[in-house]
Amino acid sequence: MPVTDSLFREIEAFIYHEAELLDNHQHNEWLDLWDEQASYRMPVRVTHTKRQKDQEFQEKFGHFDETKEMLGMRVKRLSTSTAWAEEPQSRTRHFVSNLRINALDNGQYELKTNLMLYRNRLDDAGHDLLSAERHDVIHQVNGEWRFLKRTIYMDQATLGTLNLSIFL
């Protein structure tokens, strides 16, 4: 199925809506955007020479490799008083850009987006700035878009943040 202008705008709105939910700490609503069979991964990046470029991301281990059930446990924990890394909550801004869409044969769409994440905590003037390319697969369930898969490829080999208690 070709990606028409109207379909592109619809998917773009879906991606922006997701960013807004995350920035507004609407984690339960964000979790609803995920398919029951969802996969949410971030492989570790290792710096290699040009000849080893295909080995740059370690697909066998990562910062996280989660299912929707695991995402649900993280979301539930964020609403408790024991989520110390997010007490008080981080202030985030997800800048999502450069959307590219590829229609797959099975009614699914492969998305690539660039992400710049700004994060500030407490009264500290400092901040975290993380950048990545996200690879998503989405499809519709009962007329609503759902994420099936997300793989986050960080631009940094060493992450400039104390923890990954937020969602990318």
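Quick rundown of the values:
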{"quantity": "Index of the failed condition, Leu99 passing every other in (1) closer than 26 Å to Ala85 by Cβ; (2) in contact with a helix residue (DSSP H, G or I) (Cβ under 9 Å, 6 or more places away or on another chain)", "calculated": "(1)"}
{"quantity": "Arg134 vs. criteria within 14 Å of the chain's Cα centre (by Cα) and farther than 26 Å from Arg45 by Cβ", "calculated": "no"}
{"quantity": "Single match in Lys76, Lys60, Lys68 (criterion: without any contact (Cβ under 8 Å) to a residue 24 or more places away in the chain, among the basic types (Lys, Arg) and in contact with a strand residue (DSSP E or B) (Cβ under 9 Å, 6 or more places away or on another chain))", "calculated": "Lys60"}
{"quantity": "Residue in region 146-161 that is loosely packed, with under 15 Cβ neighbours inside 10 Å and over 17 Å from Val46 (Cβ atoms) present", "calculated": "no"}
{"quantity": "Residue that is surrounded by the fewest Cβ atoms within 10 Å (Cβ to Cβ) [pool: residues in region 14-53 that are among the hydroxyl-bearing types (Ser, Thr, Tyr) and modelled with pLDDT of 95 or more]", "calculated": "Tyr16"}
{"quantity": "Asn142 being polar (S, T, N, Q), in contact (Cβ under 8 Å) with a residue 24 or more places away in the chain and closer than 29 Å to Ala13 by Cβ", "calculated": "no"}
{"quantity": "Any hit, region 116-133, residues being farther than 21 Å from Asp23 by Cβ, at pLDDT 80 or above and not basic (Lys, Arg)", "calculated": "no"}
{"quantity": "Within region 79-109, considering residues that are of a type in the set (Val, Ile, Thr) and either surrounded by fewer than 11 Cβ atoms within 10 Å (Cβ to Cβ) or not in a strand (DSSP E or B) (or both), the one modelled with the highest pLDDT", "calculated": "Thr80"}
{"quantity": "Close pairs (8 angstrom Cβ cut-off, 6 or more residues apart or separate chains): of a type in the set (Gly, Ala, Ser) and part of a helix (DSSP H, G or I) in region 1-29, buried (at least 16 other Cβ atoms within 10 Å of the Cβ) and modelled with pLDDT of 95 or more anywhere", "calculated": "Ala19/His94; Ala19/Val96"}
{"quantity": "Selection status of Val75, of a type in the set (Val, Ile, Thr), at pLDDT 80 or above and within 16 Å of Gln156 (Cα to Cα)", "calculated": "no"}
{"quantity": "Where a residue in region 120-131 is polar (S, T, N, Q) and its partner, wherever it lies, is part of a loop (DSSP other than H, G, I, E, B), with Cβ under 6 Å and at least six apart", "calculated": "Asn120/His127; Ser131/Asp155"}
{"quantity": "Qualifying residues in region 54-72 (those that are farther than 17 Å from Thr158 by Cα and over 17 Å from the mean Cα position of the chain (by Cα)) - the one modelled with the lowest pLDDT", "calculated": "Asp54"}
{"quantity": "Out of Lys112, Lys76, sole residue that is on the phi < 0 side of the Ramachandran plot, part of a strand (DSSP E or B) and among the charged types (D, E, K, R)", "calculated": "Lys112"}
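The values are calculated or read from the model by the stated rules, or taken from the named source; none is laboratory data. For clarity, every value in this text was computed on a predicted model and none was experimentally measured. Using ideal geometry, Cβ is built from the backbone for each residue, glycine included, and neighbour counts are taken over all protein chains shown.
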